[in-house]
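Before any comments, here is the structure.
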Amino acid sequence: MLEAYSRCWTEIDYDAIEHNVKEVYKLIGNTKLMAIVKANAYGHGAVACTRKLVECGVDFFGVSSIDEAIELREAGICENILILGYTPVEHFHYLSELNIVQSLVSYAYACKLDAYAKKNNIKIRCHCKVDTGMCRTGVIYQSQQKDMKEIIDEYHLKNLSVEGIFSHLPVSDELDEESKSFTVNQIQLFKEVLNNLEKEGINPGICHLQNSYGILNYGDLKFDYCRAGLLYMGVTSDDSVETLSKPDFIPILSLYANVSMVKWLREGMTVSYGRHYTVTKPTKVATLSIGYADGLTRLVSNKGLEVLIHGVKCPIIGNVCMDQCMVDITGVEDVQEGDVACIIGKQNGNVVTVDEITRKSKTINYETLSLITARVPRLEKRG
Ligand SMILES: *Cc1c(COP(=O)(O)O)cnc(C)c1O
């Protein structure tokens, strides 16, 4: 990796994670934070985020796959790691070798893992996953079908050490009555499972239910852990979404690109692939060295998405290309090749947020951030 700036780069303020974690703790009290660092910490750099979070006292991390767990172990992270998703049979050996906790994605899967552990004379650490309404993974425990026996049986598998139990909230971000009652019902179902286990004399281990919006809207559930990704990065899914608590987060990621060329275009000229933008008056244009292969989605083409140049908001014109895009900078003085454009972040006191890209491309910040590709250097913000 180059030590200097490239065509485009992110700057990540890892120190601000500490502030964001403190804001989260104001909402969850004695519940502990399991930090989710899957998908390269949604594009923010999994190892760097994890190191900072360890400094903040976080002792449990969630990833989506065994490769992500291996990356953390190879970087010397010794804390607990839970794989939220599926690990295929060929990779079971890593679980015990690297002391990783596996989610039990189904009862059949738990049996397979148990058989493997028995054959190899080992114990595998696991968390039981209960499906209270997401219909993604886990033993079903919903109003329509309650497979309590499978949950109990998972705890009784001799070669698995089931150390925890969790479920997931698909509409904790929505505050309409229907969504609220769905989430409240999920909380109830999860508690019912815990009670049933207790009646069987089973210690459920560590219990965790809330994701980021579970924290913002249902903060005081008092389970052992909650699982948050987005919040320690200092953003929400979309800034137009209402939440019951509104912590003072600092977004930790900024995105920049170099200006590669400045020129005046004349009336009648058309900009970029597809010729979707026609110049109607003399227009000063900067070409930026960032495109959709860097994660600036082509969906923002020609939608007036503004970037900052010399702190002034300038709209992208024409289609975003793979490695480049064009911006109308008419009226911004003295822009030169090598100047820096800010796509996400602050410049000269002005701000452009990730939410603006998200709105123009009709998605959520999770996707906008995790789409920033591997070729974009992640630089640590200093000072
Ligand atoms: C990704 C994920 C999370 C974290 O979600 P955020 O909204 O970023 O807090 C929590 N739990 C599970 C099961 C997940 O897959």
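The values are calculated or read from the model by the stated rules, or taken from the named source; none is laboratory data. The model shown is predicted, which means the values in this text are computed figures rather than measured ones. Ideal geometry is used to build each Cβ from the backbone, glycine not excepted, and the neighbour counts take in all protein chains shown. Keep in mind that these areas ignore ligands, DNA and RNA; they rest on the heavy atoms of the full protein, side chains included. Shrake-Rupley method; radii C 1.70, N 1.55, O 1.52, S 1.80 Å.
Okay, here's what the table says:
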item	result
Calculated SAXS-style log₁₀ I(q)/I(0) at q = 0.26, 0.30 Å⁻¹ - the stretch 317-375, Debye, Cα scatterers	-1.39, -1.36
Surface accessible to a 1.4 Å probe, residue 90 within the full protein complex, Å²	130 Å²
Extension reserve of the residue 118-residue 293 stretch, reckoned as 0.36 nm per residue once the Cα distance is removed	58.4 nm
Choice from 331, 311, 133 showing the highest fluctuation, given a GNM over the chain with Cα pairs closer than 10 Å	331
For the stretch 1-159: relative contact order, % (alpha-carbon pairs under 8 angstrom, 6 or more apart)	14 percent
Accessible area per residue in Å² at 1.4 Å probe, computed on the chain	45 Å²
CD proxy at 222 nm, helix term only [per DSSP H run n ≥ 4: -39500 (n - 2.57); per residue of the chain; nearest 500]	-8000 deg cm²/dmol
Accessible heavy-atom area order of 244, 197, highest first, probe of 1.4 Å	244, 197
Convex hull volume per residue for the stretch 55-96, taking Cα atoms only, in Å³	67 Å³
Relative contact order, percent, the stretch 196-255 [alpha-carbon distance under 8 Å, six or more residues apart]	29 percent
Long-range tail of P(r) for the stretch 1-97 (Cα pairs > 20 Å, %)	44 percent
Considering only the chain, percent of DSSP beta bridges that pair antiparallel, nearest 5	50 percent
Cα-only radius of gyration and Dmax that characterise the chain, units Å	23.8, 79
Largest to smallest accessible area among 114, 224 [probe 1.4 Å]	224, 114
Area of residue 276 that stays accessible when all protein chains are in place (1.4 Å probe, Å², to 10)	120 Å²
Theoretical FRET efficiency, 1/(1+(r/R0)^6), r = Cβ-Cβ of residue 158 and residue 184, R0 45 Å, to 0.05	0.80
Residue 312/residue 250 FRET efficiency (R0 22 Å; Cβ-Cβ; nearest 0.05)	0.40
Lysine pairs in the stretch 214-354 with Cα atoms under 22 Å, if 8 or more residues apart or on separate chains	13
Distance in nm between pseudo-label sites at residue 64 and residue 266 (7 Å out along the Cβ direction from Cα)	5.0 nm
Solvent exposure, largest accessible area first (probe 1.4 Å, DNA, RNA and ligands not counted), of 180, 149	149, 180
Whole-number percent relative contact order across the stretch 259-337, with pairs defined as alpha carbons under 8 Å at least 6 apart	34 percent
Nearest-0.05 FRET efficiency for residue 174 and residue 79, computed from C-beta distance (R0 35 Å)	0.60
Student exercise, the chain dipole from Lys, Arg, Asp, Glu Cβ charges, in Debye to nearest 20	500 debye
Sulfur and carbon atoms: percent of accessible area, the chain [1.4 Å]	50 percent
Base-10 log of normalised Debye intensity for the stretch 247-383 (one unit scatterer per alpha-carbon) at q = 0.11, 0.12, 0.22 Å⁻¹	-0.37, -0.45, -1.49
